[in-house]
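This report refers to the structure that appears directly beneath it.
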Amino acid sequence: MIDGAMPDDQVLVALTRSAVLLFAQTTATFLVPILIVAVVVGLVQTILSVQEASLSFLPKLAVLVAMLAIAGESVMTALGDLLTSGLLDMIGAIR
């Protein structure tokens, strides 16, 4: 939770900063493994001269589903914590 002694504009700046950092961490959690799989699949397709579109899509989809299963709960918990603390901080800033 953000300090209650902060001015209203600093509360909003701190809230925005934490939201942007959460967004960056969340997207990196999902996009980095997908990027690695895309590069590996692209290299394999190039080496084998295979140009099938489903061969590049299905492994990325499988990695996305696996990452959702692994990290989905922690991402949703972090989002819930941010919304809870953010709403409480905004209410505190209004009072």
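Tell me, please, whether a residue that is among the aromatic types (Phe, Trp, Tyr), without any contact (Cβ under 8 Å) to a residue 60 or more places away in the chain and surrounded by 14 or more Cβ atoms within 10 Å (Cβ to Cβ) can be found in segment 30-50.
Checking segment 30-50: at least one residue is among the aromatic types (Phe, Trp, Tyr), without any contact (Cβ under 8 Å) to a residue 60 or more places away in the chain and surrounded by 14 or more Cβ atoms within 10 Å (Cβ to Cβ).
Mind listing just one residue for me: the one in segment 45-95 that is touching a helix residue (DSSP H, G or I) at 6+ places or on another chain (Cβ under 7 Å) and of a type in the set (D, E, K, R) and, of those, nearest to residue 35 (Cα to Cα)?
Within segment 45-95, the match that is nearest to residue 35 (Cα to Cα) is 60.
Between 78, 69, which is modelled with pLDDT of 90 or more and surrounded by 12 or more Cβ atoms within 10 Å (Cβ to Cβ)?
78
The values are calculated or read from the model by the stated rules, or taken from the named source; none is laboratory data. Everything numeric in this text was worked out from a predicted model, so none of it was measured. Because the Cβ atoms are built from the backbone with ideal geometry, glycine has one as well, and the counts that use them run over all protein chains shown.
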